[in-house]
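The values are calculated or read from the model by the stated rules, or taken from the named source; none is laboratory data. This structure is a prediction, so every number in the text was calculated from the model and none was measured. Positions of Cβ are backbone-derived with ideal geometry, glycine not excepted, and every protein chain shown enters the neighbour counts. Protein only, heavy atoms only, side chains kept; ligands, DNA and RNA dropped before computing areas. Shrake-Rupley method; radii C 1.70, N 1.55, O 1.52, S 1.80 Å.
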Amino acid sequence: MKYVLVTGGVVSGLGKGVTASSIGVVLKACGLRITSIKIDPYLNTDAGTMSPFEHGEVFVLDDGGEVDLDLGNYERFLDIKLTRDNNITTGKIYQSVIDKERKGEYLGKTVQVVPHITNAIQDWIERVAMIPVDGMDGPADVCVIELGGTIGDIESMPFIEALGQFSYRVGPGNFCLVHVSLVPVLNVVGEQKTKPTQHSVRGLRGLGLTPNILACRSTKELEENVKEKLSQFCHVPATNIVTLYDVSNIWRIPLLLRDQKAHEAILKVLNLESFPREPKLDEWVARATMFDTLQDTVRIAMVGKYTGLSDSYLSVLKALLHASVYCHRKLVVDWVASTDLEDSTKIEAPDAYKAAWNLLKVRTFHHRKCFTLEVEWCHVYDLCKILISIMII
């Protein structure tokens, strides 16, 4: 089993989940079988009781597991079916260790973070990585692991220590670390600044992990002199530094990795150079190109409680987006807060009440139909295609 660890530095929200998913896409296109694990350092055992305002939607897996939305990205990108054990949290790890301690499995030893918690993390990763998730028999070839949070966070320290030990457990040639960092551009001087990434890598190395590949988020492609500077100070070959600059749509991220030969760098670190195949991403190219050329729009009114954060309804939005592209339409979502439709709002905020109902009436009157869908999540995409097809006729 080969392992690819994706970490993040400088700030949160850089897109580690999309990066991890895209790495999986590129490696899968090279002919490898992929599985994924998401590590969330919070103490909750799962995401089921967490506010969508804090962490976005709760993604529900086929086995009923309520997990982080990044696992939804993994399933959509890689066409796999994950289990609740593919989401590791601090709460799950501590609960399992405490349960063993209560049963006396540690034979009277003092239970500590090192080695008991760190060993539990490593054992969990090895166990889950062997579970097939693509409908085929036998384990996958590569397990992509995303470590949530930012390097330096207190709550992630046990996981970083465990992953440092894990890299030695699996041995050289079986572990590749991809560090996602920020290279900001100051508007005053227009220069790409490498110092935040330098400090992030220095902190990562101080914790026992050395990055093999740098994935740098920036508004534009990294200049050559910037790559050379990062290579010199971060001890990473320039060929192993890729730029994840802003693109028009999410389907272009795997194409960025392919164009910058990120798959070759990863395969080399993992001693998988016997897979010389170029990634076949024709469908991704076609979908990304189609999205950029869409002109005609389809407008959907979305009523919800947590409309202040679009990630609260990410799966529904992705289903609508994919369905609209399938129907050759550009999606426009009109958000309507459900509280604005209540009778109490008519008295407390009549303008908001009127605007919300007017928006719904416009959408309903224009299409002569109002749809109420109560369906299983796995059928949302197909129903969205039917809905949009009816609306554009």
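Here are the numbers:
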{"read-out": "Only one of 301, 288 that is farther than 28 Å from residue 1 by Cα, buried (at least 16 other Cβ atoms within 10 Å of the Cβ), modelled with pLDDT under 90 and not aromatic (Phe, Trp, Tyr)", "value": "301"}
{"read-out": "Qualifying position, being of a type in the set (S, T, N, Q) and in contact with a helix residue (DSSP H, G or I) (Cβ under 8 Å, 6 or more places away or on another chain), among 89, 45", "value": "45"}
{"read-out": "Neighbours by Cβ (under 9 Å, 6+ apart or cross-chain): first from the stretch 253-279, at positive phi; second of a type outside the set (Asp, Glu) and surrounded by fewer than 11 Cβ atoms within 10 Å (Cβ to Cβ)", "value": "271/172"}
{"read-out": "Residue that is surrounded by the fewest Cβ atoms within 10 Å (Cβ to Cβ) [pool: residues in the stretch 309-344 that are without any contact (Cβ under 8 Å) to a residue 40 or more places away in the chain, part of a helix (DSSP H, G or I) and hydrophobic (A, V, I, L, M, F, W, C)]", "value": "341"}
{"read-out": "Yes/no for residue 120 being touching a strand residue (DSSP E or B) at 6+ places or on another chain (Cβ under 6 Å), of a type in the set (A, V, I, L, M, F, W, C) and either in contact (Cβ under 8 Å) with a residue 24 or more places away in the chain or under 23 Å from residue 14 (Cα atoms) (or both)", "value": "no"}
{"read-out": "Selected residue [farther than 30 Å from residue 288 by Cβ and in contact with a Cys (Cβ under 8 Å, 6 or more places away or on another chain)] from 125, 121", "value": "125"}
{"read-out": "Filtered residue count, the stretch 220-230, keeping only those that are closer than 15 Å to residue 196 by Cα and either surrounded by fewer than 17 Cβ atoms within 10 Å (Cβ to Cβ) or among the β-branched types (Val, Ile, Thr) (or both)", "value": "1"}
{"read-out": "Residue count for the stretch 291-308, restricted to those that are part of a loop (DSSP other than H, G, I, E, B) and over 19 Å from residue 251 (Cβ atoms)", "value": "5"}
{"read-out": "Residue 197 over 30 Å from residue 331 (Cβ atoms) and more than 21 Å from the chain's Cα centre (by Cα)", "value": "no"}
{"read-out": "Test set (1) touching a residue at least 60 places away in the same chain (Cβ under 8 Å); (2) over 27 Å from residue 156 (Cβ atoms) - residue 220 fails condition number", "value": "(1)"}
{"read-out": "Tally of residues being open to solvent by 70 Å² or more (accessible area, probe 1.4 Å) and under 13 Å from residue 158 (Cβ atoms) across the stretch 97-123", "value": "2"}
{"read-out": "Filtered residues of the stretch 173-183 (kept if open to solvent by less than 40 Å² (accessible area, probe 1.4 Å) and of a type outside the set (S, T, N, Q))", "value": "173, 175, 176, 177, 178, 179, 180, 183"}
{"read-out": "Filter result (surrounded by fewer than 15 Cβ atoms within 10 Å (Cβ to Cβ) and touching a residue at least 24 places away in the same chain (Cβ under 8 Å)) within the stretch 184-201", "value": "185"}
{"read-out": "Residue list for the stretch 70-79, restricted to those being touching a Phe, Trp or Tyr at 6+ places or on another chain (Cβ under 9 Å) and either modelled with pLDDT of 95 or more or open to solvent by 20 Å² or more (accessible area, probe 1.4 Å) (or both)", "value": "70, 75"}
{"read-out": "Residue within the stretch 95-113 that is small (Gly, Ala, Ser) and closer than 17 Å to residue 71 by Cβ present", "value": "no"}
{"read-out": "Residue under evaluation residue 16, criteria (1) in contact (Cβ under 8 Å) with a residue 24 or more places away in the chain; (2) surrounded by fewer than 24 Cβ atoms within 10 Å (Cβ to Cβ), criterion not met", "value": "(2)"}
{"read-out": "Residue 239 surrounded by 15 or more Cβ atoms within 10 Å (Cβ to Cβ), modelled with pLDDT under 95 and over 26 Å from residue 286 (Cβ atoms)", "value": "yes"}
{"read-out": "Check on residue 152, surrounded by fewer than 22 Cβ atoms within 10 Å (Cβ to Cβ), more than 23 Å from residue 130 (Cα to Cα) and at pLDDT below 90", "value": "yes"}
{"read-out": "The stretch 141-174, residues that are farther than 23 Å from residue 14 by Cα and of a type in the set (Gly, Ala, Ser)", "value": "162, 167, 171, 173"}
{"read-out": "Filtered residues of the stretch 178-194 (kept if farther than 15 Å from residue 215 by Cα and either in a strand (DSSP E or B) or modelled with pLDDT of 90 or more (or both))", "value": "185"}
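Conditions tested, residue by residue: (1) assigned to a loop (DSSP other than H, G, I, E, B); (2) without any contact (Cβ under 8 Å) to a residue 24 or more places away in the chain; (3) hydrophobic (A, V, I, L, M, F, W, C).
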{"site": "99", "(1), (2), (3)": "no, yes, no"}
{"site": "111", "(1), (2), (3)": "yes, yes, yes"}
{"site": "115", "(1), (2), (3)": "no, yes, no"}
{"site": "128", "(1), (2), (3)": "no, no, yes"}
{"site": "133", "(1), (2), (3)": "yes, no, yes"}
{"site": "140", "(1), (2), (3)": "yes, no, yes"}
{"site": "173", "(1), (2), (3)": "yes, no, no"}
{"site": "176", "(1), (2), (3)": "no, no, yes"}
